[in-house]
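Just below is one structure, and these are the notes that go with it.
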Amino acid sequence: MKIVVAPDSFKGSLSAREAAFYIGEGIRRIIPDAELTLIPVADGGEGTLECLTEESARRRVRVTGPMGGPVEAEYAAADGMGIVEMARAAGLLLAPDSRAALATTYGVGELIRECLVRGCRRILLTVGGSATNDGGCGMLCALGARFLRKDGSSFVPAGGTLGEIETIDTSELSGAFLACEVTVAADVRKPLLGESGATMTYARQKGASDEELRLMEQGMAHYAAILERMTGKKVSQLPSSGAAGGVAVPIMAFGKCTVRSGARAVLSASGFYDAAADADLVVCGEGRIDSQSLWGKAAGEIAGFCRERRIPLYCICGASACAERPEGIAKILTAESLADSPADSMARAPRYLTVLGSLAAIDLAGGAVRRGY
């Protein structure tokens, strides 16, 4: 029997990798000879790097944080593929007193540069949880571009100084970056400009005042117009150009950019689709499943994949707030059904996930669930 276990993290309790391990342990107790594949997953935000790489494969470097100070950040680079999690260098958690008008993506560019130096020709850039709204200017500077004011002086634009850009000199822009295939994992489909764009929708959450919002939107429009004159590409109108303060815009303008939903990008990079295509059972999981779990998250993408191929899917979670079983999920198993309290459910999560893994295996071994259900 072939079983694929692909849980997300159980927030405040277990990482996705730990959750996969304990569910797998429960399955092995019932079906010791199962062909078992553990694939920890994420939706493209924080935690994605841990899902896709072993700790030994990650590299740690000092880069520029969102507010200009140094931070220690991890990335991965192997076999021509680099993985950069934007939140590691420019995340809100790194800037508790964030000011979107001042925050920079320079450190993101430094991580990309590290990947390029190590020979990567493909990069997965996950952009959830950013503190920035600089249109990716800092990132582009770290990769060799120069932004010039009217007086000819060069500077690194932030969200509040985009309006000072007179020209962009790309003559020294990294050739490796221009040739690299960058997949941007972003669930935000909003454009760069307007009431539903990067600045007006998200910058307030990143510490921008009302006056800064107005100035930043004007600056972003000015910056976008320069890019569009240089490249002939209407980057401001492209879906997801507004994600993470516009970080993908210079990649869309100058590089080779593909935008995918965070969950799909992670599942593809992890090898989930190939591993699950002929599975007898797939097990997904997360801390709490509700009506929002199937929108843009890993569990929803897995459910759609399994539904199309008529592969039975079990969801193991801490708790469920679903009034009805979501389409594509054959059964929901919860730790709360075994625990004395929510606190007990979290404290003893390893034990409960092991038991729930065994229950899923008992159903499969007993013929209660089968392909083509």
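Provide a single number: the residues in region 116-133 that are in contact with a Ser or Thr (Cβ under 7 Å, 6 or more places away or on another chain) and either surrounded by fewer than 18 Cβ atoms within 10 Å (Cβ to Cβ) or among the small types (G, A, S) (or both).
Residues flagged as in contact with a Ser or Thr (Cβ under 7 Å, 6 or more places away or on another chain) and either surrounded by fewer than 18 Cβ atoms within 10 Å (Cβ to Cβ) or among the small types (G, A, S) (or both) within region 116-133 amount to 1.
Which of (1) surrounded by fewer than 19 Cβ atoms within 10 Å (Cβ to Cβ); (2) in the same structural domain as A277 (by TED's automatic domain parsing) does V61 not meet, given it meets every other one?
(2)
Specify which of the listed residues (A6, A73) is more than 24 Å from R348 (Cα to Cα) and modelled with pLDDT of 95 or more.
Checking each option against the conditions leaves just A73.
Suppose we keep only residues that are among the acidic types (D, E) and assigned to a helix (DSSP H, G or I) within region 180-216. Which one would you say is nearest to A248 (Cα to Cα)?
If we take residues in region 180-216 being among the acidic types (D, E) and assigned to a helix (DSSP H, G or I), then E212 is nearest to A248 (Cα to Cα).
Could you say which residue among A20, A6 is in the same structural domain as A349 (by TED's automatic domain parsing) and part of a helix (DSSP H, G or I)?
Only one candidate qualifies: A20.
Tell me the residue from A76, A103 that is within 19 Å of the chain's Cα centre (by Cα), of a type in the set (A, V, I, L, M, F, W, C) and surrounded by 19 or more Cβ atoms within 10 Å (Cβ to Cβ), please.
When all the criteria are applied, what remains is A76.
Name the pairs: first residue in region 2-31 and in contact (Cβ under 8 Å) with a residue 24 or more places away in the chain, second residue part of a helix (DSSP H, G or I) and among the polar types (S, T, N, Q), Cβ to Cβ under 6 Å, at least 6 apart or on different chains?
Short answer, once both residue conditions are applied: Y22/T354; E25/T354; G26/T354; G26/S358; R29/S358; I30/S358.
Look through G318, G304, G328 and report the one residue that is under 19 Å from A368 (Cβ atoms) and of a type outside the set (A, V, I, L, M, F, W, C). Give the steps one after another, and end with the answer.
Working: G318 fails: under 19 Å from A368 (Cβ atoms); G304 fails: under 19 Å from A368 (Cβ atoms).
Exactly one residue qualifies, and that residue is G328.
Say we look at region 134-173 and pick out the residues that are in contact with an Asp or Glu (Cβ under 9 Å, 6 or more places away or on another chain) and of a type in the set (D, E); which of these is surrounded by the fewest Cβ atoms within 10 Å (Cβ to Cβ)?
Among those residues, the one meeting the criterion is D151.
Among the residues that make up region 43-50, is at least one of them assigned to a helix (DSSP H, G or I) and of a type outside the set (D, E)?
yes
Output the residues belonging to region 48-73 that are of a type in the set (A, V, I, L, M) and within 19 Å of the chain's Cα centre (by Cα).
Of everything in region 48-73, those that are of a type in the set (A, V, I, L, M) and within 19 Å of the chain's Cα centre (by Cα) turn out to be L49, L52, A57, A73.
The values are calculated or read from the model by the stated rules, or taken from the named source; none is laboratory data. Not measured: the values here are computed from a predicted model. As a convention, Cβ positions derive from the backbone with ideal geometry for all residues, glycine included, and neighbour counts pool all protein chains shown.
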